[in-house]
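> Here it is, the structure in full.
What follows is calculated from the coordinates using simple rules that are stated; it is not laboratory data. Because the structure is predicted, anything quoted here is derived from the model rather than measured. Quick reminder, even Gly has a Cβ in these numbers, built from the backbone with ideal geometry, and neighbours come from all protein chains shown.
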Amino acid sequence: MFEKWAVAFADHIKKTNPDETEPHDVLVFGFTILFNLMFTFFFVFLLGWILGVPLLSLQVAVSFTLLRILTGGAHLDQSLACSITSLILVLTFVWLPASSVYVGAYGIISVVLIILYAPYYEAHQLKHSLQWERKKKLVAILWVIAAMILYYFFSSPGFVFGTLLQAMMLTPAGIRVTHKLNRMMTDYGGEKNEEKSS
């Protein structure tokens with residue numbers, strides 16, 4: 001779904017100004033990410049509001065997204081499936097216990113998992129230099145510390161919940177589950193296409 005919109009927007013931009021824009025595939029990639037984020041954050045807020053936790057939901061989503069940019073992770077091939085899965089995970093993590101002991105443990109677990117498993121990239125993804133990845137890992141750890149400070153000073157546990165969610169997605173178990181879900185989605189999508197063509 002997002003890919004079709006991204007292609008349409010990229011086509012329009014290339015037709016409007018073909019000489020001064022990025023290559024078509026770069027535009028499609030950028031628009032796909034943008035639409036994915038807009039869809040996810042809109043529904044995180046909407047469903048969070050319905051559940052009575054809109055700000056907490058946004059905190060989890062922002063923290064999860066920021067850490068995902070810094071540390072990578074396994075991906076689903078279909079952007080809509082990615083958005084729906086992220087939405088479900090974020091809205092699940094808002095219900096974690098939020099006492100100071102628990103939140104401290106979440107922060108420590110997040111740091112340990114990031115040290116052990118970050119970064120993770122799929123085979124087709126661009127990998128940066130080792131020096132650059134070390135800097136990103138350091139920033140990721142500093143974000144976890146900042147998220148814990150935000151909790152202890154402003155009672156905002158969602159940022160720590162988001163770090164834990166992304167840290168768990170970096171583990172071998174998290175990557176296996178993501179890959180298995182991706183295969184299921186791909187197989188399901190292939191079966192639907194076969195049904196349409198027959």
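> For region 40-46, in order, what is each residue's ³J(HN,Hα) by Karplus, 6.51 cos²θ - 1.76 cosθ + 1.60 with θ = phi - 60°, in whole Hz (x at glycine and Pro)?
5, 5, 4, 6, 4, 5, 4
> Given Lys15/Lys127; Lys15/Lys135; Lys15/Lys136; Lys136/Lys180; Lys4/Lys136, which pairs have Cα atoms separated by over 30 Å?
Lys15/Lys127; Lys15/Lys135; Lys15/Lys136; Lys4/Lys136
> Separate question: Over region 60-198, what relative contact order in percent results from Cα pairs under 8 Å that are six or more residues apart?
This gives 43 percent for region 60-198.
> Please work out how much length the chain gains when fully extended from Ile88 to Ile108, using 0.36 nm per residue of separation minus the C-alpha to C-alpha distance, in nm with one decimal.
4.8 nm
> Let me ask something else about it. Treat each spin label as a single point 7 Å out from the Cα along the C-beta direction, and report the Ile149 to Met38 distance in nm.
Going from the Ile149 label point to the Met38 one covers 3.4 nm.
> Please sort 56-68, 133-145 by packing, taking for each peptide the average over its residues of neighbouring beta carbons within 10 angstrom, highest first.
56-68, 133-145
> Work out from phi, with θ = phi - 60° and the Karplus expression 6.51 cos²θ - 1.76 cosθ + 1.60, the ³J(HN,Hα) of each residue of region 91-105, listed in order in whole Hz, and give x for Gly and Pro.
6, 6, 6, 5, 9, 4, x, 10, 6, 4, 5, 4, 5, x, 5
> Ordered by packing density, taken as the mean number of other Cβ atoms within 10 Å over each peptide's residues, highest first, how do 156-162, 99-105 rank?
For the peptides 156-162, 99-105, the packing ranking is 156-162, 99-105.
> Between Trp95 and Leu116, what's the calculated FRET efficiency when r is the beta-carbon distance and R0 is 25 Å? Round to 0.05.
With R0 = 25 Å, the Cβ-Cβ based efficiency is 0.45.
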